[in-house]
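A short write-up of the structure that comes next.
The values are calculated or read from the model by the stated rules, or taken from the named source; none is laboratory data. Because the structure is a prediction, the values reported are computed rather than measured. With ideal geometry, Cβ positions are generated from the backbone for all residues, glycine too; neighbour counts draw on all protein chains shown.
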């Protein structure tokens, strides 16, 4: 396997890992709130958890599926934010799970040529690599918003990394006292 193919494989593997990580955190967050709370808005300028999940599905489909697979973009962004209910937590999670699976499949099947080719998406010009970076960081960004809103509602930790020592140093950074 050549260096570019190895790079592509490693890049896609890490992008998919980060997608799964955000998905795991949203599952935990949804498990902590009621059906009513999922559509509750902190104030008139902020979105509900339900709106954020619909928005994530729309954005990931636009950048991660339609653009990478070069198929028709059918996103209606305004509907993502205007919804005030209509889907349960289970339905929202199923929609998100299906979208993430579809996007990860698009990541894994994208050609090296498409990764490098620039296209217009949502008024911006990105290569396929740019699309993937956008999808991952956008998913992570809104996952943080959802987590914050759940912590605000519940006033309890979410336990995303329960059982993991987050104070551990990197292997390369560990210092030993050698005298």
Kindly establish whether residue 10 is out of contact with any strand residue (DSSP E or B) (no Cβ under 8 Å at 6 or more places or on another chain), at pLDDT 95 or above and surrounded by fewer than 15 Cβ atoms within 10 Å (Cβ to Cβ).
yes
State all residues of the stretch 128-153 that are under 19 Å from residue 51 (Cβ atoms), touching a residue at least 24 places away in the same chain (Cβ under 8 Å) and in contact with a helix residue (DSSP H, G or I) (Cβ under 9 Å, 6 or more places away or on another chain); if no residue qualifies, say none.
135, 138, 139, 140, 142, 143, 145, 146, 147, 149, 150, 153
Within the stretch 142-155, identify whether any single residue is exposed (fewer than 10 other Cβ atoms within 10 Å of the Cβ), at pLDDT 95 or above and over 22 Å from the mean Cα position of the chain (by Cα), and answer yes or no.
yes
Looking only at residues in the stretch 109-127 that are touching a helix residue (DSSP H, G or I) at 6+ places or on another chain (Cβ under 6 Å) and in a helix (DSSP H, G or I), which one is surrounded by the most Cβ atoms within 10 Å (Cβ to Cβ)?
115
If you check residue 64 against the conditions, is it assigned to a helix (DSSP H, G or I) and over 21 Å from residue 39 (Cα atoms)?
yes
Take the stretch 75-103 and flag every residue that is assigned to a loop (DSSP other than H, G, I, E, B), at negative phi and without any contact (Cβ under 8 Å) to a residue 12 or more places away in the chain.
none
Going through (1) modelled with pLDDT under 95; (2) in contact with a strand residue (DSSP E or B) (Cβ under 8 Å, 6 or more places away or on another chain) one by one, residue 45 fails only at (2)
